[in-house]
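Below: the structure, in structure tokens.
Each reported figure results from applying straightforward, stated rules to the coordinates on display, with no laboratory input. Predicted, not measured: the structure shown is a model, and the values here were computed from it. Backbone-built Cβ (ideal geometry, glycine too); neighbour counts: all protein chains shown.
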Amino acid sequence: MSVVRKIIDKIFLRTINVNGKSINLYAATKTIEWERPTEVAQKIADPLEEAIRKTEFNIPEDTVDIIGRETEHSSDADEKNHFTAVCVDGKNNAETKHFYRK
């Protein structure tokens, strides 16, 4: 199943400029596994943007949207605190990436 299809609903947070390119920033509010209130999803806007700016080399070249799927966390696969986000290009191709604030 596509990572984009796992995200059922999202909210627009803002448009950010990264390396001279405008990218729409969203936060997932519902996936096939969970649902969170809009107010909670909105709270990731600033820290997610900070993480994206610090690890912008992780953004695939043709990305037009970044959807924050998970709040900052660590995992067995990646012990560093990170945000999990989905980068989507203009053809709706998607790739999951980790973005780090530290």
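For a quick check: with amide H placed at 1.01 Å from N, whose amide H comes under 5 Å from LEU13's, ignoring anything fewer than 5 positions away on the same chain?
LEU25, TYR26, ALA27
Looking at the stretch 1-66, which chymotrypsin sites (Phe, Trp or Tyr not before Pro) are DSSP coil and have at most 16 other C-beta atoms within 10 Å of their C-beta?
Counting only loop positions with at most 16 other Cβ atoms within 10 Å, the chymotrypsin sites (Phe, Trp or Tyr not before Pro) in the stretch 1-66 are TRP34.
From Cα pairs below 8 angstrom and at least 6 apart in sequence, can you work out the relative contact order of the chain, rounded to a whole percent?
25 percent
From zero up to wherever the largest Cα-Cα distance of the stretch 6-47 sits, split into 10 Å bins and tell me the percent of pairs in each.
29, 47, 22, 2
Using the Karplus curve 6.51 cos²θ - 1.76 cosθ + 1.60 with θ = phi - 60°, work out ³J(HN,Hα) for each residue of the stretch 7-14 in order, rounded to whole Hz, and write x for Gly and Pro.
These are the phi-based 3J(HN,Hα) values: 8, 8, 9, 8, 10, 6, 9, 5 Hz.
Could you derive backbone 3J(HN,Hα) for the stretch 79-90 from the dihedral phi with the Karplus parameters 6.51, -1.76 and 1.60 (θ = phi - 60°), listing whole Hz in sequence and x where the residue is Gly or Pro?
3J(HN,Hα) across the stretch 79-90, in whole Hz: 6, 6, 4, 7, 9, 9, 9, 10, 9, 10, 8, x.
What size of dipole, in debye to the nearest 20, comes out for the stretch 1-93 about its Cα centre when the only charges are +1 on Lys and Arg C-beta atoms and -1 on Asp and Glu C-beta atoms?
280 debye
By a straight-distance test (C-alpha under 19 Å), which lysines pair with LYS54 as possible cross-link partners, with residues fewer than eight away in the same chain excluded?
LYS21, LYS43, LYS80, LYS97, LYS102
Taking H as built 1.01 Å from N, whose amide H comes closer than 5 Å to the amide H of GLU70, not counting residues under 5 places away?
THR84
Find which of ASN92, SER74, PRO47 sits farthest along the positive direction of the dipole of the stretch 21-102, computed with +1 on the beta-carbon of Lys and Arg, -1 on that of Asp and Glu, about the Cα centre.
Positive-most Cα among the choices belongs to PRO47.
Select from ASP46, ASP76, ASP89 the residue whose mean-square fluctuation is largest in a Gaussian network model of the chain (Cα-Cα springs shorter than 10 Å).
Greatest mean-square fluctuation among the candidates belongs to ASP76.
Over the alpha carbons of the stretch 43-102, what is the largest minus smallest coordinate on each principal axis, giving the biggest first in Å?
Rounded to whole Å, the extents work out to 31, 24, 20 Å.
Would you compute, from DSSP H runs of 4+ residues alone, the mean residue ellipticity of the chain at 222 nm, taking -39500 (n - 2.57) per run and dividing by the full residue count, rounded to the nearest 500?
-4500 deg cm²/dmol
Points 7 angstrom from Cα along the Cβ direction at ASN19 and THR96: gap in nanometres?
Modelled inter-label distance: 2.3 nm.
May I ask for the Kirkwood hydrodynamic radius of the chain, worked out over all distinct Cα pairs and given in angstroms to one decimal?
Hydrodynamic radius (Kirkwood, Cα pairs) of the chain is 13.5 Å.
Per residue of the stretch 50-60, what does 6.51 cos²θ - 1.76 cosθ + 1.60 with θ = phi - 60° give for ³J(HN,Hα)? Whole Hz please, x for Gly and Pro, Karplus curve as stated.
4, 5, 4, 5, 6, 10, 5, 4, 7, 7, x
What's the extension gain from ASP78 to ILE11 if we count 0.36 nm per residue and subtract their Cα-Cα distance?
My answer for the length gained is 21.5 nm.
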